[in-house]
Structures are given as structure tokens and as C-alpha cells.
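First the structure, then my questions, so here it is.
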Ligand SMILES: Cc1ncc(COP(=O)(O)O)c(C=O)c1O
């Protein structure tokens, strides 16, 4: 059997990792400013993470959600305290798309409504409901296209208000910072208007923090810069540092009912251990503050470079929009300087490194970037 060819692959196979570096089979070292697509939060093979996972594997790897699991209870308490949402409750699943599916279901159960308002250029995942709320028709099959989703432009407050005023939406979903679109931030005024209009119309506000959350923006959640609270927050990616886990944080105004949400693998013992190790390391190593500080340092070091049309983002979620002549820069960073970065479309380089990078790692990136663009 061959692999179904749905990914365009780089001709490199990382086989070993440590911190913000990976190595291929030949022993070549790469600086990882992509983090496996914003997934590696505390760094590759962090010793605390490895130790906790190894220990848990020798005790119990899995049991189902039909029985008590104190690791889930501990995770909910720790996450609530660290992220600033102690009175939300936690539902655990396996991925980002699945988190958003459950967010839509919870919102629909709560409001009795069936429509979702999403933001233009949004990306929320590839499963049925998540892809319907993703503003990219090329990845929606006929089965996924639905009149239950409407898109409204980012940062257009009047359009947002008039859409919500119809009172027909179960929820508005917004990324903390739009990632796949190329790093675009909702303004604080847009978040505030969204919160007010949702309250006025009985609509729930869902913050998709799957890419921008877990400290990446320099705050635990990017929407916290705007001083607003969301009713449901979806998370995944950095939550497990590579072990698949996703979740929604749910406001106490949404009532739980037995059987309303469920999953076989979600919240299993290994996944919870991975998430607990991530939170422990994030706290001990102050990684949210580090993301803010080193992110600003990187931004400052990139400013004024002639290859750059626009710099966007916060913390360690940085979008470098390139001038026309420099569209091959991402490939050159990889093949000439051995640095992984993310992309968005043809002209944006996305920096999504592990949150533990130091100024020295940032200097290594800046030196390579500036040398290539001399
Ligand atoms: C903002 C956002 N939401 C949802 C998803 C989907 O997550 P997953 O690939 O884990 O299903 C992604 C993935 O890139 C994302 O960036």
C-alpha cells in the first residue's frame, strides 16, 4: 500500500528533536521556527515531558470516559487557573477541528439555533462543521457546504453588528489571531463590539485559540489582549506539545447534560499527562512571558528589512509579508540556512517557533534572514 498523496512534502525527515532544533537522518541540524505547525510549545523532547509520559505509560495508558479519571480533573483545575478562566469547565477531545465541532454543538444545544457566524478568511479545521466555517471553498466538499454558516469581514464592526442583529446565530466564532489567512488580528474594538452584540442577541462568542492560544501570542489567549471574555474557547496544538489533544473551555452559563458531548479517546491518560507536563513547564519556565519578550525582540530585529512588505502578529505568532522579489525566501531559509518556517499563501512566512526559544535562537534566525536578504 502507498500513502494517499494529500500532503506536499518537504524532502527532509526529522528523526530527532531537542528544544527548538530537529535533526534529519544524515545528522543535519535544523532550527525549528515552525514548531510542527504551532504544535511544539515547550520544545521537542523536554525532559519533564519525557519523564512524565514514560512514567504514565508504565501505569496506565488508556481507559474510557465511562470511569473516573483524576488526571482530567487535575488538568481542568490547572488549566483554569493558568489561563484565567477558573469558572469555565473543560471538555476534552483529540484535535482542533473536533474542538470546534463540539463548540458548535454546545452553542446550538444551548441556544436552540442552528446558524454560525464566522469571519472572512477564517480557518477552523477540516471536519464537517469546522470546514463549513472555514472560508476556503477549495477544501469544502459538496457535503460540507451549508447555508448554516455566514461569513462577515474581519474588523468591520457595522457588518458584524447587522449580521448578529438578526438574532439567528447560535454563535460567532473568531480566531484569536487568524493564522492560515496570514496572521491578521481582530482589533480590540472588534472584540469588544463582538462581545456586546453577542450579549445583546443571545449569541455565544467562541474564541478559536487553537493556533494563537496556549501562550503563543504572549498572553495565554490572544483575545485577552482586548480585555473580553469568550463563552467557549477551543484549544489544541500547543496543549499536548505533539501528543494529540484538544478541548473546549465552556462558560458556566451553558448547562451540561449527560450524553450531549462524547468521545472515545478524548482526555485519555497519556493525553492528559502530556497536557499536564506542558502546563507545568509553561509555568516553571514562564513561557508565556518568554513568548512576549522574544517575540518583540524578533519583531524589532526584522523591522526595516527590505524584503518585508508588512510585519504582523504578537508574541511568537509572526507573519512576515514579503515583497514580490523575495517569494522564494522560505525555501532558501530551509535549504540554505536549515531553518523551518511556516507559510501562508505565496507571500507570507509564518513564524511559529516553540515558546522556549531564547534571544540567541532569535539571533540565529535574524542573522540567517538578514544575510539572505542583503
Ligand atoms: C485556528 C485553527 N483552528 C482549527 C484548526 C484545526 O486543528 P486540527 O488540525 O488539530 O484539527 C487549526 C489548524 O491549523 C487552526 O489553525
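Just so it is clear, none of the values below were taken in a lab; they were calculated from the coordinates. Remember, it's a predicted structure, so these values are computed and weren't measured experimentally. Positions of Cβ are backbone-derived with ideal geometry, glycine not excepted, and every protein chain shown enters the neighbour counts.
Determine, at each q value in 0.15 (inverse angstroms), the log₁₀ of I(q)/I(0) that the Debye formula gives when each Cα of the range 65-186 is one equal point scatterer.
Taken in order of the listed q values, log10 I(q)/I(0) reads -0.79.
Further, regarding this structure: Which of these, 364, 38, 222, has the largest mean-square fluctuation under a Gaussian network model of the chain (Cα springs below 10 Å)?
364
While we're looking at this one, here's another question. State the dimensionless ratio Rg/Rh of the range 150-225 (Rg: radius of gyration of Cα atoms; Rh: Kirkwood radius). The partial results should precede the final answer.
Numbers: Rg = 12.1 Å, Rh = 12.6 Å.
When Rh is taken as the Kirkwood radius, the ratio is 0.96.
Compute the relative contact order of the chain as a whole-number percentage, counting only Cα pairs closer than 8 Å that sit 6 or more residues apart in sequence.
Rounded, it is 23 percent for the chain.
Expressed in whole Å with the largest first, what are the equivalent ellipsoid semi-axes of the range 291-348 derived from the C-alpha gyration tensor as the square root of 5 times each eigenvalue?
Sorted largest first and rounded, they come to 19, 14, 11 Å.
In what sequence, highest mean first, do 90-99, 130-139 appear when ranked by Cβ atoms within 10 angstrom?
Packing order, densest peptide first, comes out as 90-99, 130-139.
Among bridges DSSP assigns within the range 108-208, what percent are antiparallel (round to 5)?
5
Distance between Cα centroids, the range 218-289 to the range 321-358: provide it in whole Å.
Going from one Cα centre to the other spans 28 Å.
Sticking with this structure for a sec: What per residue convex hull volume, in Å³, comes out for the range 224-273 when only alpha-carbon positions are used?
Normalising the Cα hull of the range 224-273 by residue number yields 102 Å³.
Quick one: length gained pulling residue 2 to residue 127 fully straight, 0.36 nm per residue minus the C-alpha distance?
42.6 nm
Here's something else I'd like to know. Taking all pairs of different Cα atoms in the chain, averaging 1/r and flipping that mean, what Kirkwood radius in angstroms comes out?
21.2
Can you give the FRET efficiency for residue 67 and residue 258, using 1/(1 + (r/R0)^6), R0 = 22 Å, r = Cβ-Cβ distance, to the nearest 0.05?
0.90
At q = 0.10, 0.24 Å⁻¹, what log₁₀ I(q)/I(0) does a Debye calculation on the Cα points of the range 275-374 give, no solvent, two decimals?
One equal scatterer on each Cα of the range 275-374 leads to -0.28, -1.32.
Can you give the direction-averaged projected area of the convex hull of the alpha-carbon atoms in the range 11-132, in nm²?
11.6
Separation of the range 7-45 and the range 139-194 by C-alpha centroid, Å?
About 33 Å separates the Cα centre of the range 7-45 from the one of the range 139-194.
Here's something else I'd like to know. At 222 nm, what value in deg cm²/dmol follows for the chain if DSSP H runs of at least 4 each add -39500 (n - 2.57) and the sum is divided by all its residues, to the nearest 500?
Rounded to the nearest 500, it is -10500 deg cm²/dmol.
Sticking with this one: Extending each Cα 7 Å along its Cβ direction at residue 306 and residue 166, get the distance between those two points in nm, one decimal.
Distance between the two pseudo-spin positions: 5.0 nm.
Among DSSP beta bridges whose residues both lie in the range 48-284, state the antiparallel percentage, nearest 5.
Here the share of antiparallel DSSP bridges comes out near 40 percent.
Follow-up. Just to check, using Stokes-Einstein with a Kirkwood Rh over alpha carbon pairs, what's the diffusion coefficient of the range 104-247 at 4 °C and 1.567 mPa s in µm²/s?
Details: Rh = 15.1 Å.
The estimated diffusion coefficient comes to 86 µm²/s.
Can you list the residues of the range 317-340 with backbone N under 20 Å from a point 7 Å past the Cα of residue 28, pointing along Cα to Cβ?
From the range 317-340, the list is 328-340.
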